[in-house]
1. Residue by residue through the range 162-179, note down the ones that are under 17 Å from Thr117 (Cα atoms) and either among the β-branched types (Val, Ile, Thr) or free of Cβ contacts under 8 Å to residues at least 24 places away in the same chain (or both).
2. Do you know which residues across the range 199-224 are under 12 Å from Ala184 (Cα atoms) and within 16 Å of ligand 1 (Cβ to nearest atom)?
3. Looking only at the range 283-312, which residues are within 12 Å of ligand 1 (Cβ to nearest atom) and among the β-branched types (Val, Ile, Thr)?
4. Only one residue in Ala291, Ala338, Ala308, Ala321 is in contact with a strand residue (DSSP E or B) (Cβ under 8 Å, 6 or more places away or on another chain), aliphatic (A, V, I, L, M) and within 12 Å of ligand 2 (Cβ to nearest atom). Which one?
5. Name the residue, out of His63, His59, that is exposed (fewer than 15 other Cβ atoms within 10 Å of the Cβ) and either out of contact with any Leu (no Cβ under 8 Å at 6 or more places or on another chain) or not assigned by TED's automatic domain parsing to the domain that holds Ile334 (or both).
6. Go through (1) under 21 Å from Phe178 (Cβ atoms); (2) free of Cβ contacts under 8 Å to residues at least 40 places away in the same chain and name the single condition Lys343 misses.
7. Sort out which residues of the range 236-281 are of a type in the set (A, V, I, L, M, F, W, C) and away from ligand 2 (no atom under 16 Å from the Cβ), and write them in order of number.
8. Out of everything in the range 72-128 that is within 21 Å of Glu224 (Cα to Cα) and aliphatic (A, V, I, L, M), what residue ends up being nearest to ligand 1 (Cβ to nearest atom)?
Amino acid sequence: MKCFKNFSQILTLEKASQKDGRLLTPDDLSVLNKASIVFDEDKIHWVGLANELPKQFHHIPSHDCEGYVLTPEIVDSHTHLVFGGDRSFEYSMRLNGADYQEIANAGGGILSTMENTITTDEEELFQTGIERIERIASYGVGSIEIKSGYGLTVESERKISHVIDRLKKHFSGKIQIFNTYLAAHAVPKTYDNSHEYMQKVVYPLLEELAEQNIIDFIDIFHEEGYFNYQDSEELFKVATKLGIKIKIHADEFNDNKGALLASRYNAVSADHLLCTGEDGIDALANSQTVATLLPGTAYFLGKPLAEAQKFLKAGCKVALASDYNPGSCHCDNILLIASLCAKNFNLNMAQLWSALCLNSAHALGLYDQGALIAGNKPRFSFFKCSSIDQITYSWGRNFAISENQLIQETHQT
Ligand code: NIG
Ligand code: FE
């Protein structure tokens, strides 16, 4: 059992969690000043004001955390961080006037990262994966979802899924890694259509990986020119049979009814949602499917942001994630993205922090974390500053520290 006492602030998100992360007002933030927490490896035992610490916990050795802030763990529920090469040339092309589709037509886009990922060996992908995860963790992020999807052949997608599995084991006990199978990310030019590619690559490998029990979620890029409604629905049926939870890249460039489909199949999340219509928004609001917005991507592509207020007002659970990838959002810092978009989305503080910690945890099916309440998993982020306000106010600045650092810097009493 451990006791960290006297934090300048603890953000609990207790009220937000009682409201299932929906229709949040500023009062739902739940911040305690001068507060303490008691926990063991499995769960939180007590959270409250420092001067109300129950007697039975007085004997536990504690650390004095004045000058630090504790929040529920920040979760990045959408990344594509296993890839070879980079696409900096595309970024320059884009600044010089080319759009996403023109870049893809010119041999750029997902298929160009595919070439680079196929020719990068497993060990190198694993090592760069470690570096990327450590950098993300340094911002205070403790759970990270990683998608395959830059292999697009049976051999290469297998290689990526195995790399993600190795990363998961490498960080086990510290950072939680989730393995998402996104072989349905683009159709290589050697196939006539998406259906043929699904049959020859996506399903056979999915069956193999499901047997090895290494896949946490399936995902599909449901978009014109990539995968259509039938492809997505069929994949969701197969995943449901295999007992694998569903995620989807939905309605990014067009209203493809991806959000609607996601809620119908109980997806844990529908992501992007730049073009989702009223019907999709209503369907998400009436489901457990989290609406995950990826504003870094819209910023990077120079597009209008998703209409966050429509989702929030309808009663959706809204999460934020980075979408870190080599093409459409080469930014791995979800806190920086959150600082940038908070006012443009008109998020109040409860919506902002729920989107980072609570709803993002739900987007990975983690219903026992994301709020600091007794019984929940002891998953935290620590910041060396004196208020929650400072964290996203100082955008691009990093206040996060690890639990070990906190223990070293504070004295035990
Ligand atoms: O989430 N939209 C599809 N996939 C990625 C982009 C991948 C890429 O351009 O490499 C995304 O934005
Ligand atoms: Fe993505």
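1. Listed by number, the residues that qualify are Val163, Ile164.
2. Passing the criteria: Val202, Ile218, Asp219, Ile220, Phe221, His222, Glu223.
3. Passing the criteria: Thr292, Thr297.
4. That would be Ala321, the only listed residue that is in contact with a strand residue (DSSP E or B) (Cβ under 8 Å, 6 or more places away or on another chain), aliphatic (A, V, I, L, M) and within 12 Å of ligand 2 (Cβ to nearest atom).
5. Of the residues listed, the single one that is exposed (fewer than 15 other Cβ atoms within 10 Å of the Cβ) and either out of contact with any Leu (no Cβ under 8 Å at 6 or more places or on another chain) or not assigned by TED's automatic domain parsing to the domain that holds Ile334 (or both) is His59.
6. Going through the list (1) under 21 Å from Phe178 (Cβ atoms); (2) free of Cβ contacts under 8 Å to residues at least 40 places away in the same chain, Lys343 breaks only (1).
7. Phe236, Val238, Ala239, Leu242, Ile244, Leu260, Leu261, Ile281, listed by residue number.
8. Ranking the qualifying residues of the range 72-128, first place goes to Ile110.
The values are calculated or read from the model by the stated rules, or taken from the named source; none is laboratory data. Just so it is clear, the structure is predicted and the values come from calculations on it, not from any experiment. Methodologically, a virtual Cβ is constructed for each residue, glycine included, from the backbone with ideal geometry; neighbour enumeration extends over all protein chains shown. We work out accessible area using only protein heavy atoms, side chains counted, and drop any ligands, DNA or RNA first. Shrake-Rupley method; radii C 1.70, N 1.55, O 1.52, S 1.80 Å.
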